[in-house]
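Okay, structure first, notes after.
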2 protein chains.
Amino acid sequence: MVREAMRDFSDDHRWLSINTATVKAQGDLLTIIEACKRAGIRGLSPWRDQVAAVGIDSVAREIKAGGFELSGYCRGGFFTSDAALQPEVMDDNRRAVDEAATLGAPCLVLVVGALPQFSRAGSAPSKDIAAARAMVEDNIGRLLEYADAAGVPLAIEPLHPMYAADRSCINTTRHALDICDALDPKRSGSIGIALDVYHTWWDPELEAQIARAGKSRLLAFHVCDWLVPTTDLLNDRGMMGDGVIDIPKVRGWVEAQGFNGYVEVEIFSNAWWQRPLDEVLATCIERHRNSV
Amino acid sequence: MVREAMRDFSDDHRWLSINTATVKAQGDLLTIIEACKRAGIRGLSPWRDQVAAVGIDSVAREIKAGGFELSGYCRGGFFTSDAALQPEVMDDNRRAVDEAATLGAPCLVLVVGALPQFSRAGSAPSKDIAAARAMVEDNIGRLLEYADAAGVPLAIEPLHPMYAADRSCINTTRHALDICDALDPKRSGSIGIALDVYHTWWDPELEAQIARAGKSRLLAFHVCDWLVPTTDLLNDRGMMGDGVIDIPKVRGWVEAQGFNGYVEVEIFSNAWWQRPLDEVLATCIERHRNSV
C-alpha cells in the first residue's frame, strides 16, 4: 500500500530523532539524552563510542526512563581489512549487534568501509575497490546470520561517492539494494538501507531506487543539508534548510512507500559542534518543522 | 573491433597531453606551450580564459608552429540560468564552439552546470536539480546543431557527485551516455563524453558504461588521482600515482574499446600550482610512464 499524503510536521516534532553525533562535542551521551528530554525529543540514534564512554547499562536505563525510542544504532561496518584482521572485524561487528539488541535499536547502521588501509589500521595499501566491494558483501552476509538471530536488522548506509576511498565503497542506493536483494531475496525484514539525503540527493536514480526499496527496505531516513561551498569533506554538513537539498521532496518519496518512522537528524559540522547544546536541538526542531 | 592490448607508455610520452589548467598558475598560455615544447610534449588541452588572455590568434600560431595536437578545448557549458540569461548562455557556448574550431580541437568539453544560482550569476536560487538536468539536456541539444555545423564534437564530462550543486548536474557516465543516446541515437560522432578518472573511478558501473560508450563516444580521457585525505573539494587533486585510483585498470577498459587518443593530464591542485613549471611537466611525464 502506498501512502498518498506526507506527514505534517509543521507544528509537531513527534517524529524527530537526534543522531547523537550531531551534538557529540557538547557533552557526553547522558547529558545529550537529558537535553533531548528537556526539548521534548522522542527519538535518538546513539553512537557506539558515546555509549561506551558512559556505559551501556546507564544508557539503556535512561532511554527507558525517558520514554525514548531509538531510530538506529551507529554503527557497524568497516568490513575491509587484511585477512589476518578479519576475525577482529567480525568480532567487532558482532559486538555492535549485541549492543544494538541491548538498547532495543530497530536497526544497526552499517558504514561498510572501503579500501582496507583506511578501514582497519595495519592493512596493506590497495587500490582494488572491486575487491573491497566483494569483501564487504561477503561480510555483510556473514554478519546477517548473527544479526538475524539477535533480532537486529542491518541497515546498509550508502555513502556519498566522495567517501569511496576511505569510508564506504557502497556509494549508491542501487548498489546497496543490489546487496540486500542478493542476501535477502524474500525481503524478510532482516536487511535494508539507511537513506541519508546528504549522501544520495545528487543521484538521478534516487526516486526510482526509493520505490524499488519500498517500505520493507527503508529502515532509517537521515537528514541534514549540502552546503555550497562545502569546506570539509566530512565535517561541513549543513542544518536542514541551510543548503541545496530539497528535503521535503525526498521525504515525500520515502513516505510514498509507506515509511512512517523517525526522521533522524545527523549533522557532522565543525560549526554546529561549537554552538550550545540546547540551541542546536532547538534549531533542529525548528528546521524539522519548516525545512523537512 | 576491440583492442586486446594496452598501449605501452613505459618509455614514451607520445600520447601524453597537458591540460593547461594543470600549470595555469605558473605562466601564461604561451609560456606553457613553450615549456611543453621543451619537454617534448605533443598534446595540449587549453582553457578559454588562458586563450583569451594571450589572444587566440597567437595561440593558434604557436600550436601550429610547435607541431602540437589538441586533445580537447575547455570548456563550454554552465547551461543553467534564469530564462532572461539564456540568450547569453547560448551565445557564450557558441563562441566556445567557434574557438574550438579555430584551434582545431577534436572536441569541446562541456561542464554542464548545475543549480542556476551557481551556474550563471544573477539567477534565482533553486533546489530543483531535476529542472536543472532538463535545462541542460535541452541546451546541449540546441548547441549540438551549431557545433555539428562547425565540425566540433561535444564531449559531456560527467563530474563527481560532489559537484552536483554548483558545477555539473551530470554526475555519472550512465547519465551522460543517456543524453548522448537521446540526442544522437545513430552515434554520428557529433557527441560523446570526456571521461575523467577523478570523477568516475568510484562508480561500480564504470567498466560497463565504458563498454556501452564504445570508441565512438569516448572523445577524451583525463587522468589525475584521488588523494586521501582530500582537503579541498575543487583544488586538491593528485598527481597520478599519489592517490588511490587504479588508473591503468581504467585505461585498459577505455583502450579495450579501441580508444587510441591522448591521455590528458588535468590536475587542479593548490600544491602543484606552487611548483616550477618544468618540474610539474617532468613529473607528469614520469608518472604517465609508470602510473598511467
Legend entry - Axial C-alpha extent at least 18 Å, average Kyte-Doolittle at least -1.0 - helices from chain B (DSSP): B:86-103, B:129-150, B:277-290
Legend entry - Distance cut-off 15 Å, percentage of C-alpha pairs in region B:52-107 lying past it: 54
Inset, instruction - Determine, at each q value in 0.11, 0.12 (inverse angstroms), the log₁₀ of I(q)/I(0) that the Debye formula gives when each Cα of the protein assembly as shown is one equal point scatterer. - result: -1.04, -1.19
Inset, instruction - For a quick protection proxy, order the peptides A:19-28, B:263-272 by their average other-Cβ count within 10 Å, most packed first. - result: B:263-272, A:19-28
Inset, instruction - Find the Rg to Rh ratio for region A:29-75, where Rh is the Kirkwood radius over alpha-carbon pairs and Rg uses the same atoms. - result: 0.92
Legend entry - Over region B:141-267, volume per residue of the alpha carbon convex hull, in Å³: 110
Inset, instruction - Give me the percent of DSSP beta bridges within the protein assembly as shown that run antiparallel, rounded to the nearest 5. - result: 5
Legend entry - Debye, to nearest 20: dipole size of region B:1-143, +1 on Lys, Arg Cβ, -1 on Asp, Glu Cβ: 160
Legend entry - Rg(Cα) / (2.2 N^0.38 Å) computed for region A:12-170, rounded to two decimals: 1.09
Inset, instruction - Report, as an integer, the average count of C-beta atoms from other chains found within 10 Å of each Cβ along A:198-207. - result: 4
Inset, instruction - Distance between Cα centroids, region B:143-205 to region A:83-146: provide it in whole Å. - result: 36
Inset, instruction - Compute the Kirkwood hydrodynamic radius of region A:91-150, taking the inverse of the mean of 1/r over all pairs of distinct Cα atoms, and give it in Å to one decimal. - result: 12.7
Inset, instruction - May I ask you to derive the FRET efficiency for B:ASP278 and B:SER216 from their Cβ-Cβ distance with R0 = 35 Å, giving the value to the nearest 0.05? - result: 0.40
Inset, instruction - Could you work out the mean count of beta carbons from other protein chains within 10 Å of each residue's beta carbon in A:224-237? - result: 3
Legend entry - Pairs from A:LYS249/B:LYS186; B:LYS37/B:LYS215; A:LYS24/A:LYS64 whose Cα-Cα separation, in the structure shown, is over 26 Å: A:LYS249/B:LYS186; B:LYS37/B:LYS215
Legend entry - Length-normalised contact order of region A:19-66 in % [C-alpha pairs under 8 Å, at least 6 apart]: 47
Inset, instruction - Sort the following peptides by mean Cβ neighbour count (other Cβ atoms within 10 Å, averaged over residues), highest first: A:283-292, B:66-75. - result: B:66-75, A:283-292
Legend entry - Rough spin-label spacing in nm, given labels placed 7 Å along Cα→Cβ, for B:MET6 and B:ALA149: 4.3
Inset, instruction - Using only C-alpha atoms and all pairs of different ones, pull out the Kirkwood radius for region A:13-56 in Å with one decimal. - result: 10.5
Inset, instruction - Using only the Cα atoms, work out Rg/Rh for chain B, with Rh taken as the Kirkwood radius, to two decimals. - result: 0.94
Inset, instruction - Could you work out the Kirkwood radius for region A:202-292, taking every pair of different alpha carbons, averaging 1/r and inverting it, reported in Å? - result: 14.1
Inset, instruction - Tally the DSSP beta bridges in chain B and give the antiparallel ones as a percent, rounded to 5. - result: 5
Inset, instruction - Quick one: grab Rg to one decimal and Dmax as a whole number for region A:124-202, Cα atoms only, in Å. - result: 12.9, 37
Inset, instruction - Calculate the mean, over all residues of peptide B:238-245, of how many other protein chain Cβ atoms lie within 10 angstrom of the residue's Cβ. - result: 2
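Each reported figure results from applying straightforward, stated rules to the coordinates on display, with no laboratory input. These numbers come from a predicted model, not from an experiment. A quick note on method: Cβ atoms are made from the backbone with ideal geometry, for glycine too, and the neighbour counts reach across all protein chains shown.
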